[in-house]
Amino acid sequence: MTKAFYTGSFDPMTNGHLDVLIQALNIAQSVVVGIGANSRKTPMFSFNERVDLIKASVAAVLPARASDIEVISFDNLAVDAARAVEAKIIVRGLRSGTDFDFEMEMAGMNQRMAPDIQTVFMPASPPSRPITATLVRQIAEMGGDVSGFVPPPVLEALKTKTKS
């Protein structure tokens, strides 16, 4: 059984995240979404809220595959977290050449630390390339329309959080 590990903060989950997650489900039987714990950041959504939003977003577009997603928190190296869940693939999304350069360095380091785990790059679809969770949060907090950037369950949660 091929299992992939897809890491990020997912605060909030965007259409870009969902695009990469769907691609990961095309190459793996299951995907563990690893929400990285970062004590230097204060998230907009709690861990449990992010879990619910990720699962609801996948269920809305791929109901038959919703049970193939697991969401965990991790605060160690991605390769160690991937090993802990017995994943053989780390999935990384690419939006631009800048992402590619950074991710190639990370993949090289991960390969040295965990040669048994393969990093796979998933290109973001053109409509989702400019989307970042940081920009989505900023736009939502300023009352802007983020409906084109996030899945419907996330949009509703953002409206509640930002009262817009």
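If one computes the Cα centroid of segment 54-86 and of segment 111-136, what distance in Å separates the two points?
15 Å
Only bridges with both residues in the chain count here: give the DSSP antiparallel percent, nearest 5.
Counting only bridges with both partners in the chain, antiparallel ones make up about 0 percent.
Is there a quick way to get the dipole size of segment 75-164? I mean about its Cα centre, with the Cβ of Lys and Arg at +1 and of Asp and Glu at -1; what is the value in debye to the nearest 20?
Approximately 260 debye in magnitude.
Which three extents, in angstrom, do the Cα atoms of segment 84-138 have along their principal axes, listed largest first?
Projected onto the principal axes, the Cα atoms of segment 84-138 cover 36, 24, 19 Å.
With an 8 Å Cα cut-off and a minimum separation of 6 or more residues, compute the relative contact order for segment 3-162 in percent.
Answer for segment 3-162 is 32 percent.
Note down the magnitude of the dipole of segment 1-135 about its Cα centre, charges +1 on Lys and Arg C-beta and -1 on Asp and Glu C-beta and zero elsewhere, to the nearest 20 debye.
80 debye
Taking amide H atoms as placed 1.01 Å from N in the peptide plane, list the residues 5 or more away in sequence, or in a different chain, whose amide H sits under 5 Å from that of V91.
The list, which skips near neighbours in sequence, is F5, Y6, T7, V120.
Which one of P43, S67, V31 has its Cα pushed farthest toward the positive end of the charge dipole of segment 1-70, where Lys and Arg give +1 and Asp and Glu give -1 at the Cβ?
Checked the options; the winner is P43.
Using only the Cα atoms, what convex hull volume per residue in Å³ does the chain have?
109 Å³
At 222 nm, what helix-only mean residue ellipticity would the chain give, in deg cm²/dmol to the nearest 500, using -39500 (n - 2.57) for each DSSP H run of four or more?
Theoretical 222 nm ellipticity from helices: -13500 deg cm²/dmol.
At a 10 angstrom cut-off on C-beta neighbours, averaged per residue, how do the peptides 69-81, 106-118 rank from highest to lowest?
Highest mean packing first, the order is 69-81, 106-118.
Throughout, read-outs are computed from the coordinates displayed, never taken from laboratory work. Predicted, not measured: the structure shown is a model, and the values here were computed from it. Counting neighbours? That spans all protein chains shown, and the Cβs are built from the backbone with ideal geometry, glycine included.
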